[in-house]
Amino acid sequence: MRVRRLVLFFVIAAGLLGFTRLSAQNTIALLKYGGGGDWYANPTSLTNLINFCNKNLNTDLYADYPTVEVASSELFLYPMVHLTGHGNVVFSSDEVKNLRSYLLAGGFLHIDDNYGLDKYIRREMKKVFPEADFVELPFTHPIYHQKFDFPNGLPKIHEHDNKTPQGFGLFIEGRLVCFYSYECDLGDGWEDTEVHSDSREKHEQALKMGANIVQFVFMQ
């Protein structure tokens with residue numbers, strides 16, 4: 001079922017932007033948002049995650065990931081977009097409409113709380129899907145059991161408030177359209193290890209969980 005949705009997503013995107021451009025965008029995009037939050041945090045993280053996926057999942061993703069704005073029609077080029085940061089997030093009415101259309105068409109959003117994002121992103125995603133609430137995913141959910149097994153859910157990469165990491169999802173008509181990693185900080189863990197002085201073990205845990213998200217989106 002997910003394969004058919006992904007094919008439909010590509011067909012829609014091809015119609016909007018042309019197949020030639022679409023075929024060159026086999027990767028994950030970074031989502032640029034307004035409001036003052038640092039959407040550009042963790043500049044090495046997606047490159048490292050993509051390289052890890054290409055090596056361990058046999059994907060063929062472009063390591064030079066693009067940045068895409070929430071209201072842009074180019075959003076539809078990418079099966080998966082990643083949003084991170086520490087501060088405020090604000091979606092305009094046009095951005096709300098475009099992001100909703102993207103996710104309903106088969107796109108996928110991964111949100112990673114880089115610490116301090118929670119109250120803002122919950123408010124803004126409620127604008128996108130007023131009919132849906134974030135729900136915590138059970139540890140049995142397939143996103144935790146792809147190439148790598150995480151029987152206890154998300155790994156704890158950075159301490160922050162010393163809370164237990166949680167993975168939340170938004171479901172629309174039974175489909176997971178958004179995965180939100182909270183109190184975990186996967187993106188920091190994906191970065192070059194010297195950036196945050198993470199251990200090799202934490203770096204590997206973060207990359208493996210990130211690879212599970214990618215596999216869930218691209219390969220199911």
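How do the strands (runs of 3 or more DSSP E) wholly within the range 108-220 filter down when requiring 3 or more residues that are touching a residue at least 12 places away in the same chain (Cβ under 8 Å) and within 20 Å of Asn48 (Cα to Cα): which remain?
Values: elements: 108-113, 166-172, 175-182.
Per the criteria, 108-113, 175-182.
Spot the failing condition for Ile157; the list is (1) within 23 Å of Gly174 (Cα to Cα); (2) of a type outside the set (Asp, Glu); (3) touching a helix residue (DSSP H, G or I) at 6+ places or on another chain (Cβ under 6 Å); (4) crowded, with 21+ Cβ neighbours inside 10 Å, and only one is missed.
(1)
Do we have any residue at all in the range 65-85 that's touching a residue at least 60 places away in the same chain (Cβ under 8 Å), β-branched (Val, Ile, Thr) and part of a strand (DSSP E or B)? Step through it out loud before you land on a result.
Within the range 65-85, the subset touching a residue at least 60 places away in the same chain (Cβ under 8 Å) is 76-77, 79-80, 82, 84.
Right, trim to β-branched (Val, Ile, Thr) and you get 84.
When the remaining residues are screened for being part of a strand (DSSP E or B), the result is 84.
Yes: one or more hits.
Read-outs throughout are calculated quantities, based only on the coordinates presented, and are distinct from any laboratory measurement. In this text the structure is predicted, and so the values were computed from the model without any measurement. Methodologically, a virtual Cβ is constructed for each residue, glycine included, from the backbone with ideal geometry; neighbour enumeration extends over all protein chains shown.
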